[in-house]
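The values are calculated or read from the model by the stated rules, or taken from the named source; none is laboratory data. All values reported here derive from a predicted model rather than from experimental measurement. Virtual Cβ from ideal backbone geometry, glycine too; neighbours counted across all protein chains shown. Just the protein is used for accessible areas: all its heavy atoms, side chains included, with ligands, DNA and RNA removed. Shrake-Rupley method; radii C 1.70, N 1.55, O 1.52, S 1.80 Å.
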Amino acid sequence: MPLRCLIVDDSDAFLRAASVLLEGEGVTVAGVASNSAEALRQARTLRPDVILVDVGLGEENGFDLARQLAQDGQDGQDGQDGQDGKAAMIMISARAGADYADLIAESPAAGFLAKSKLSAREIDRILGRTP
């Protein structure tokens, strides 16, 4: 069964490119959102396996959204692959993960993925679905 994904980013161009890339690699992009309110609404409705959350959402903060999703029951802390009915979260950014290391460690996210490395394989690796 393909991994179902929700992508949250304030760039329409990135949302389109990431959707095409991941769909081409067998990931079902169940939805996209460009702000926190839309992401929360879609996460509740779509129940994705994984939510990719951009660190910088324009005026909003992706880490704040990750905490909101966790409080809303969308985090995958009990089973970070989405298999327990909760979505795993992965923080994404065009900047290096080292820039956010402390924030990532304190967040409910399963990990970090640079946008330049985005792929189904990297998502699976972070979620522990592949060796």
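Name the single residue, out of those in the stretch 37-52 being open to solvent by 10 Å² or more (accessible area, probe 1.4 Å) and of a type outside the set (Asp, Glu), that is nearest to ILE123 (Cα to Cα).
ARG47
Only one of (1) closer than 23 Å to ALA96 by Cα; (2) assigned to a helix (DSSP H, G or I) fails for ILE7. Which number is that?
Here ILE7 meets the rest and fails (2).
Where residues in the stretch 53-78 are within 24 Å of SER116 (Cα to Cα) and open to solvent by 30 Å² or more (accessible area, probe 1.4 Å), which of them is modelled with the lowest pLDDT?
Once the filter is applied, the top-ranked residue is GLY58.
Could you give every pair whose Cβ atoms fall below 8 Å, whose first residue belongs to the stretch 22-34 and is at pLDDT 95 or above and β-branched (Val, Ile, Thr), and whose second residue is in a strand (DSSP E or B) and open to solvent by less than 40 Å² (accessible area, probe 1.4 Å), counting only separations of at least 6 or pairs across chains?
VAL27/CYS5; THR28/CYS5; VAL29/CYS5; VAL29/LEU6; VAL29/ILE7; VAL32/LEU6; VAL32/ILE7; VAL32/VAL8
Please determine, by comparing only the residues of the stretch 92-131 that are of a type in the set (Ser, Thr, Tyr) and open to solvent by less than 80 Å² (accessible area, probe 1.4 Å), which one is farthest from ASP64 (Cα to Cα).
Looking at residues that are of a type in the set (Ser, Thr, Tyr) and open to solvent by less than 80 Å² (accessible area, probe 1.4 Å), I get THR130.
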